[in-house]
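The values are calculated or read from the model by the stated rules, or taken from the named source; none is laboratory data. The model shown is predicted, which means the values in this text are computed figures rather than measured ones. Note: ideal-geometry Cβ built from the backbone for every residue, glycine included; neighbour counts use all protein chains shown.
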Amino acid sequence: MDTINRLNLPRYGLGNYPDKKTTLIPTKDETVIQDNLSHAGRRLMGFCRTNLFKRLESSGYSFLVSLCRHILRNYIYVYAIENNLPLPIGPQEANMLDEFLDDVDLDNEDSNEGTIKILLDEEGYYAQAKKIYKLYETSYHSRFDWIRSGFFEESLKNVLIDDGKEILKILKIGKDWNPDNDRQLNALYDLCTKIHPKEKILIFTQFADTAYYLYDELKKRNISQIECVTGGSEDPTTYAYRFSPISNDKKEIANTPDEIRVLITTDVLSEGQNLQDGHIIVNYDLPWAIIRLIQRAGRVDRIGQKSDKIFCYSFFPEEGIEKIIKLRGRLRKRIEENAEVVGSDEVFFDGDPVKIHDFYNEKQGILDEEEDVEVDLASYAYQIWKNATDADPTLKKTIPDLPHVIYATKSLKQEDEEKDEGVIVYTRTADDNDILAWLNRKGEIITQSQLTILRAAECSSDTPPLFKLDNHHKLVEKGIEHIIQVESAIGGQLGKKSSARYRTYMRLNRHYEEYKVTLFVNEALKRAIDDIYKFPLKEFARETLNRQLKAGISDEDLANLVVSLRDEDKLCNTKEDEKTYKEPQIICSLGLINDPIHRQNKV
């Protein structure tokens, strides 16, 4: 660990090595590159160092793979500097490097299985770097920005080599990596064979390297009906069907050799998939954002889940790594900050006072990251409707025939009696977003949790109607004002959060903000993002983006895709007039009165 902290990481801080004595005159493009390099540096260097620790937390194998790639990238620059060649600025894709390490891509969208050969000598890395540079220079020239190496001081080469030597020290220690002594892997094996020997198990990891490593090793230990799926898999949905054939209406797969019992996956399957044939989730490593943990749990905690308990196992970082990256502490803090108790008995981490459902369906505080929570919220609403229509099939005709803007009043439930009386208003916006608001008698918002509001509104068919509050309609008006503000905050004109337009915009906008002071993004991407916000997608773009998002496309590849679509005039209908804003349509409203005499607990 001390070795990693001692690394200079010069490729992530090139702006620290300008040659102030150079007589070279930069081109227009080189001037832009220099300006960008002056802004980047410390933040990227810290990110790289932390990411190496994160890879170590995931698996020793994933960590060693990253170190090999890091040295190889350093020597690509060393080769360029020694031969007075321009430096390639930009992300160097892992699959290009792995081909020269006797492997295929394990951490890229085009990855497959394989094992990287750990090179232990500087000469070997230099020889491979020479081959890769020539490939960059010819076949992949357009993927990079290029700046002459003469703009940087001579010390840059020495620092690159010194970092390589430091990393080689670690590789020599880990060259005899033996999976049999991997405690984390052994614990996973025991979980699959002793604790849950016959049940379906869904194993998540952030890194494709780790996913393939686990797959190879568990298969060697004779675990059958096991598969691995990453962003590079040709059709990730097929694996979801094989793991969960019943919930995906693929009953012909159930109880056949094609059915999967243990499925190892990256977050390519954390969104939009029905995997509730299983009820056991393993977080082999922890992601940075709680939304990923929520999405993973949401794959099995869905309508159709037969088990009364869902087990979520998480592997935590070793103490030394945790002291550096503080991963569990970060996640715990985010959970505590975003939690607003709605009542549940599931704990997220064993011993933690905060429960998963405290934030599982809560919107407030995680709107900037939320993408898939609405799926589970919609499932909950659908279950209310299904229960009601199963009990009284005539509702299937009665309810749709009701006019809009109807209202009613009922008593607060016993568990909600401490809340103020008020009104719930349900609207559908011009962009077809369904939004609920709950206000007290003063017109103040009680909660923004859509699930909490749904639960408060839920009642049985024999719940008695009560007289409305004297200011019911005024409160509905206040609710509409609030909903207009909420819609603006969560995407407004971008449409539903499940749409390709919304998801693409939110992902790329975050990506741009994170890397805008670096060379990883450019103005072409910013213009594409602006277009997506202002104008509707063309049909071709919508279908293409939907397909790629479903396949688990990376942020970087998504950025390249939208820029390419925009260049070909296939992205947005930019000539279409922006639609006139329309106020949300009131579907219905419900008054809530604290009336113990008529309080109903039949839910």
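Side notes on the structure shown:
- Every residue from the range 248-289 that is hydroxyl-bearing (Ser, Thr, Tyr) and within 28 Å of residue 315 (Cα to Cα): 265, 266, 270, 284
- Residue check for residue 227: assigned to a loop (DSSP other than H, G, I, E, B), of a type in the set (D, E, K, R) and modelled with pLDDT of 90 or more: no
- Residue identified as at pLDDT 90 or above and in contact with a Leu (Cβ under 6 Å, 6 or more places away or on another chain) among 264, 253: 264
- Checked against the criteria, residue 157 does not count as touching a residue at least 12 places away in the same chain (Cβ under 8 Å), surrounded by fewer than 17 Cβ atoms within 10 Å (Cβ to Cβ), of a type outside the set (A, V, I, L, M) and in a helix (DSSP H, G or I).
- Checklist (1) touching a His at 6+ places or on another chain (Cβ under 6 Å); (2) at pLDDT 90 or above applied to residue 300, failing item: (2)
- Filtered residues of the range 175-191 (kept if part of a helix (DSSP H, G or I) and of a type outside the set (S, T, N, Q)): 179, 180, 183, 185, 187, 188, 189, 190, 191
- Extreme residue, farthest from residue 61 (Cα to Cα), among residues of the range 261-298 that are of a type in the set (A, V, I, L, M, F, W, C) and assigned to a strand (DSSP E or B): 280
Here is a yes/no grid of residues against (1) touching a residue at least 24 places away in the same chain (Cβ under 8 Å); (2) surrounded by 15 or more Cβ atoms within 10 Å (Cβ to Cβ); (3) of a type in the set (D, E, K, R); (4) within 22 Å of residue 555 (Cα to Cα):
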position: 217; (1), (2), (3), (4): yes, yes, yes, no
position: 240; (1), (2), (3), (4): yes, yes, no, no
position: 254; (1), (2), (3), (4): no, no, no, no
position: 261; (1), (2), (3), (4): yes, yes, yes, no
position: 270; (1), (2), (3), (4): yes, yes, no, yes
position: 280; (1), (2), (3), (4): yes, yes, no, no
position: 293; (1), (2), (3), (4): yes, yes, no, yes
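- In the range 459-479, the residue that is farthest from residue 589 (Cα to Cα) out of those that are of a type in the set (A, V, I, L, M, F, W, C) and surrounded by 17 or more Cβ atoms within 10 Å (Cβ to Cβ) is 459.
- Selection from the range 231-260 of residues that are of a type in the set (Ser, Thr, Tyr) and not in a loop (DSSP other than H, G, I, E, B): 237, 238, 239, 241
- Residue pairs meeting the criteria (Cβ under 6 Å; at least 6 apart or on separate chains; first in a helix (DSSP H, G or I), in the range 29-48; second of a type in the set (D, E, K, R) and modelled with pLDDT of 70 or more): 33/145
- Positions within the range 178-187 being among the hydrophobic types (A, V, I, L, M, F, W, C) and buried (at least 17 other Cβ atoms within 10 Å of the Cβ), in sequence order: 185
- Scanning the range 128-154 for residues that are under 35 Å from the mean Cα position of the chain (by Cα), in a helix (DSSP H, G or I) and buried (at least 17 other Cβ atoms within 10 Å of the Cβ) yields 128, 129, 132, 133, 136.
- From the list 556, 513, the one residue that fits, being crowded, with 16+ Cβ neighbours inside 10 Å, acidic (Asp, Glu) and either modelled with pLDDT of 85 or more or within 18 Å of the chain's Cα centre (by Cα) (or both), is 556.
- Unique match (being farther than 23 Å from residue 558 by Cβ and buried (at least 20 other Cβ atoms within 10 Å of the Cβ)) among 233, 247: 247
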